[in-house]
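One structure below.
Here, each number is a calculation from the coordinates, and none is a lab measurement. Remember, predicted model here, so these are calculated numbers, not experimental data. Every residue, glycine among them, receives a Cβ derived from its backbone with ideal geometry; neighbour counts consider all protein chains shown.
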Amino acid sequence: MSHCHCVNCRKAHAAAFSTNLEIHPRQLTFLRGKDSLRSYRTDSGSHTAFCTTCGSTLVCWGDGDPDPTYVCAATLDTEFHGKPEFHIFVSGRVPWHEIRDQLPRFERNSDDPI
Amino acid sequence: MNASEKTLEGSCLCQKVRYRITGKVGPLTHCHCTHCRKTHGAAFASYLDVPRENLTFVSGEKDLVTYQAESGTKRGFCPDCGAVITCWGDDESKVIEIAAGTLDTPLGKIEAHHIWVRSRVPWYEIRDGFSQHPEGSQS
Ligand SMILES: [Zn+2]
Ligand SMILES: [Zn+2]
């Protein structure tokens, strides 16, 4: 689970940053509403899917993945006590919300330290 | 700084919806309510108070889809990329809220506060110095 500050996440979520829980596609089953989802692909090859009724962005994945590999943690109904492990794409951070925790920060991806 | 006065431009992820804000805006409200969390799919939403007369849509205004939450609060989002742009309670209100994450012009540092902190997610602690209200800003 990690916080992403990239511009695509910021815009898709219209929020300071997104928080994504990594999953294996096999772990995810839609109980209902899969047909109500619409996906959007950015030029950089990231995909997000949102509910066409309310606009909630629920899942995301990359070009190489046919199915979602991340669930947007904020959409969980079950109380979730996992903790984010790091921040990625901090180069895209908004000036109006500072990162004040001690988690590792990566300029871009987590395999690409500052 | 309590408010920003420069012209601010913003857009959704796919750029279908574009807007411009002139004049005084602010403050910034970080809302941790369940509806904001869900609509944005983010730990919290950040909305900038904007007088309606200071907001101009450059494109896409007619395309925005409105969803009304149980509380009566309405939010407008782009049908193509899902980005939430606007939030308002009362259609007659002179102020509308703009999702700050959609700004293209850097907003800079701005006075902010946190509301509905009692429904905050357990995995994100608020560590900035801004005031925290258990429910709305009057609480
Ligand atoms: Zn929905
Ligand atoms: Zn859009």
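Could you work out the relative contact order of the range A:2-92, using alpha carbon pairs under 8 angstrom and six or more residues apart, expressed as a whole percent? The partial results should precede the final answer.
On the way: 139 pairs, mean separation 32.3, N = 91.
That works out to 36 percent.
Taking chain A as a Gaussian network, Cα atoms linked when under 10 Å apart, which of A:Thr19, A:Thr48, A:Thr75 shows the biggest mean-square fluctuation?
In the Gaussian network model the winner is A:Thr75.
Run through the DSSP bridge list for the range B:3-119 and note the antiparallel percent, rounded to the nearest 5.
Numbers: 29 of 33 bridges.
The antiparallel fraction comes to roughly 90 percent.
For the range B:3-119, what does the relative contact order come out to in percent, with C-alpha contacts under 8 Å and a separation of six or more?
On the way: 256 pairs, mean separation 39.3, N = 117.
Rounded, it is 34 percent for the range B:3-119.
Given the options B:Lys38, B:Lys62, B:Lys24, which has the most mean-square fluctuation in a GNM of chain B, springs set between C-alpha atoms less than 10 angstrom apart?
Largest GNM mean-square fluctuation: B:Lys62.
Taking a cut-off of 20 Å between Cα atoms, list the lysines near A:Lys11, but don't count ones fewer than 8 places away on the same chain.
In chain and number order, the partners are B:Lys16, B:Lys38, B:Lys62, B:Lys74, B:Lys109.
Could you tell me, in Å, what Rg and Dmax come out for the Cα atoms of chain A?
14.0, 41
Evaluate the charge dipole of the range B:3-119 about its Cα centre and quote only its size in Debye, nearest 20, assuming +1 on the Cβ of each Lys and Arg and -1 on the Cβ of each Asp and Glu.
Working: 14 positive and 14 negative charges, 50 e Å.
Once rounded to the nearest 20, the dipole reads 240 debye.
Determine the sum of side-chain charges near A:Ser91: Lys and Arg each +1, Asp and Glu each -1, restricted to other residues whose C-beta is under 10 angstrom from that of A:Ser91.
On the way: positive: A:Arg93, A:Arg105, A:Arg108; negative: A:Glu107.
That works out to +2.
Compute the signed sum of charges (Lys and Arg +1, Asp and Glu -1) over the other residues within less than 12 Å, Cβ to Cβ, of B:Asp104.
On the way: positive: A:Arg10, A:Lys11, B:Arg18, B:Arg20; negative: B:Glu9.
Charge balance in the 12 Å sphere: +3.
Out of the GluC sites (Glu not before Pro) in the range A:12-114, which ones are loop residues according to DSSP with at most 15 other C-beta atoms within 10 Å?
Values: sites: A:Glu22, A:Glu79, A:Glu85, A:Glu98, A:Glu107; in loops: A:Glu79, A:Glu85, A:Glu98, A:Glu107.
The qualifying sites are A:Glu79, A:Glu85, A:Glu98, A:Glu107.
Quick one: putting +1 on the C-beta of Lys and Arg, -1 on the C-beta of Asp and Glu, what dipole do you get for the range A:2-92 around its Cα centre, in Debye to the nearest 20?
Details: 8 positive and 9 negative charges, 42 e Å.
Approximately 200 debye in magnitude.
Report the residue, chosen from B:Gly76, B:Gly60, B:Gly41, that carries the largest GNM mean-square fluctuation when chain B is represented by alpha-carbon nodes joined by springs under 10 Å.
Fluctuation is largest for B:Gly41.
Treating only the Cβ of Lys, Arg, Asp and Glu as charged (+1, +1, -1, -1), what charge dipole size does the protein assembly as shown show about its Cα centre? Round to the nearest 20 debye. Please list the in-between numbers first.
Details: 28 positive and 31 negative charges, 27 e Å.
So the dipole magnitude of the protein assembly as shown works out to roughly 140 debye.
Taking a quarter of the surface of the Cα convex hull of the protein assembly as shown, what do you get in nm²? It would help to have the intermediate numbers written out before the result.
On the way: hull surface 53.2 nm².
It is 13.3 nm².
Within chain A, which is the longest segment containing none of the trypsin sites (Lys or Arg not before Pro) that sit in a DSSP loop and have at most 11 other Cβ atoms within 10 Å?
Working: sites that count: A:Arg32, A:Arg100.
Result for the longest clean stretch: A:33-99.
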